[in-house]
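Just so it is clear, none of the values below were taken in a lab; they were calculated from the coordinates. Since the model is a prediction, treat every value here as computed from it, not as a measurement. Note that we place each Cβ from the backbone using ideal geometry, even for glycine, and neighbour counts take in every protein chain shown.
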Amino acid sequence: MPSNANFSIHVAKENLKFSAAHFIAYPGFREPLHGHNYQVGVYVEGRLAKTGYVIDFGLIKKLTKEIVDRLDEHTIIPGNSDCLTIDASTKGIVRIHYEHDEFVLPAADVCIVPIVHSSAEELARYIWDELATALRSRGALTEATTMEISVAEGPGQSAHYRNSTSD
């Protein structure tokens, strides 16, 4: 087999999904709080290992499911927002301020994610980072060269984040 041969896998199982509320906000604009039924896909490209895999399908499914389960049935709040003030100091309550608006939510219903906006694009990058970290900690990215995450907000509407898996 040629040394530059590449293989790829794609995982987009029905259970790699999450339902979450969010809103996009930036200085001067905030959309209403609303929700989506997100669907996540994982694409990994690389060399074929001696095992016959680029990467094990089962491991991708397991780790991705763990990540999306942390987002499922929560309100996603971008922790690195440039226009939201987030106060989680009151036990059991999270207060989010945008200009003159205030959201008060039970802390158990909120997932503060280290992103600037709760867009599908930034969620794809967040999931990529979480999955890459989990795979690296297991030594599972040895033959992978590129990974791409897709996050669909609905049928026919998805964002993708693709990056090299090398450190």
Task: Neighbour-count order for Ile9, Ile60, fewest beta carbons within 10 angstrom listed first - done: Ile9, Ile60
Task: C-alpha long axis of helix 57-71 to longest principal axis of the chain, angle in ° - done: 0
TODO: Give the shape of the chain as rounded, prolate or oblate, defined through the alpha-carbon gyration tensor: a ≥ b ≥ c are the square roots of its eigenvalues, a/c under 1.5 means rounded, and otherwise the shape is prolate if a/b is larger than b/c and oblate if not.
DONE: prolate
TODO: Return one number: the angle in degrees, 0 to 90 and rounded to the nearest 10, between the long axis of the Cα atoms of helix 120-137 and the longest principal axis of the Cα atoms of the chain.
DONE: 50
Task: Candidate lysines - alpha carbon under 27 Å from Lys61, same-chain residues fewer than 8 apart omitted - done: Lys13, Lys17, Lys50
TODO: If a/c stays under 1.5 just call it rounded; otherwise compare a/b with b/c (prolate if a/b is bigger, oblate if not). Do that for segment 43-84, with a ≥ b ≥ c from the square roots of the Cα gyration tensor eigenvalues.
DONE: oblate
TODO: Excluding His117 itself, calculate the net charge of residues whose Cβ lies under 15 Å from the Cβ of His117, where each Lys or Arg counts +1 and each Asp or Glu counts -1.
DONE: -3
- [ ] Could you tell me which of Tyr126, Ile93, Gly52 has its Cα farthest along the dipole of the chain towards the positive end, charges placed at Cβ (Lys, Arg +1; Asp, Glu -1), taken about the Cα centre?
- [x] Gly52
TODO: Counting only DSSP beta bridges with both residues in segment 11-79, tell me the antiparallel percent, nearest 5.
DONE: 80
